[in-house]
Structures are given as structure tokens and as C-alpha cells.
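Read-outs: derived from the displayed coordinates by stated rules, not from any lab. Since we're looking at a predicted model, the values are computed, not measured. A quick note on method: Cβ atoms are made from the backbone with ideal geometry, for glycine too, and the neighbour counts reach across all protein chains shown.
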Amino acid sequence: MGNMTKNKSSCVDVVTVGQSAANSAPTQADTARLALVNDAQATDLALDADAAIHARNSLETMLAHQMATAHRLAMKFAQAADEWLLKASAPDGTFNRVHVMAMEQAQRSAHVSGRMMRAFDDGLLTLARVRGGGEQKVTVVHQHVQVAGGQVAVAGSIQTGTGSTTKGAP
């Protein structure tokens, strides 16, 4: 799925997906995926993301397209938030209902932008997990030591004044 190229002369119909060195014809799934990305107005971003991550299979291609769409929406909502903030600022320092409504819209747009940025970040983490072969395993061992009569128990390495290392209790 990795090597996607786009003919700049038209829309999705002329997008080709290179599945092998022979650049075989796109599958129905490829065409459907690209149509969805085109509907989301993120075709160029999606093709670039797919090429940038060197998608190895259809799932990585879909993830690249989702990330591209999330990025596009994050930027569009950030732009909308900025525009609403400009509408919310009163030149004379007074605020009326229109200014308050504009500030609320700016806040909503900024919130959606942040959520889309988080979705993009989650996509990057997902790609890293998929390619990294799974999850890391951490084993925590708890030891309980009973000490009686004012004695002290020490766990780990101890550096003494002579430069020697001892382990365990003294």
C-alpha cells in the first residue's frame, strides 16, 4: 500500500496505489478509502502521510489517512478559534452578548482542535506500538522483611568506606 502517487490533473479516480513494483491497479478498498479521504478534503495530506510513514499494509494506510484527517481538522478548528477570538474582541473594551457568544464559539473550536491534535498523537503512538511488536512488560517484585530487636535490614548494594560492595543485611 505504501507508494501512493496522485495525478494532479483530476480527483480520486486518477489516484493510483502502488501495491508492488509493477504498480498494479488499485483495489476496491483502495478506491473506497481514497474516496472517503477525498470527501474529508484531506487527499493530499493523506497521500503524504501514507508516503511519510511508509505504510506496510492497509491498516497502516488507514491509520495514516485518519491521522491526516485529524491533522486537517485540528488546524481548521484552530483557525476557526482564532477567527472567533477576533470577533469577540471589542475595540472599545466593552462586551455585549455577541462578544460573549463569539468567545464561547472560540472556546468550543479550540477544544475540538485540541481533541483532534490528541487523536493525531494517539495515531502516532498506535503506529509505534504496532511496529514495535506489542507492549513492554515490567515485573515488580515486592519483598517483605521482618526485623526484630532494633536490627536494620538493607536491600541492594552498599558502598563502604573501603570501596568494597556488600549485598544484603549487615
(request) Search the structure for amide H atoms under 5 Å from the amide H of Ile158, placed 1.01 Å from N in the peptide plane, and list their residues when 5 or more places away or on another chain. (result) Thr166
(request) Taking the Cβ of each residue in Ile53, Ile158 as the centre, tally the other Cβ atoms inside 10 Å and list the residues starting with the fewest. (result) Ile158, Ile53
(request) Quick one: order Ser113, Ser58, Ser157, Ser89 by neighbouring beta-carbon count within 10 Å, fewest to most. (result) Ser157, Ser89, Ser58, Ser113
(message) So if each residue of separation counts as 0.36 nm, and I subtract the Cα-Cα distance between Val141 and Gln159, what length gain in nm does that give?
(response) 4.1 nm
(message) To make sure I understand, if each residue's beta carbon is the centre and we count other beta carbons within 10 Å, what order do Val100, Val140, Val112 fall in, fewest to most?
(response) Val140, Val100, Val112
(request) Could you go through region 111-123 in sequence order and give the Karplus-derived ³J(HN,Hα) for each residue, using 6.51 cos²θ - 1.76 cosθ + 1.60 with θ = phi - 60°, rounded to whole Hz, and x for Gly and Pro? (result) 5, 5, 4, x, 5, 5, 5, 5, 4, 4, 4, 4, x
(request) Go ahead and run the numbers for FRET between Gln79 and Arg129, Cβ-Cβ distance against an R0 of 30 Å, rounding to 0.05. (result) 0.45
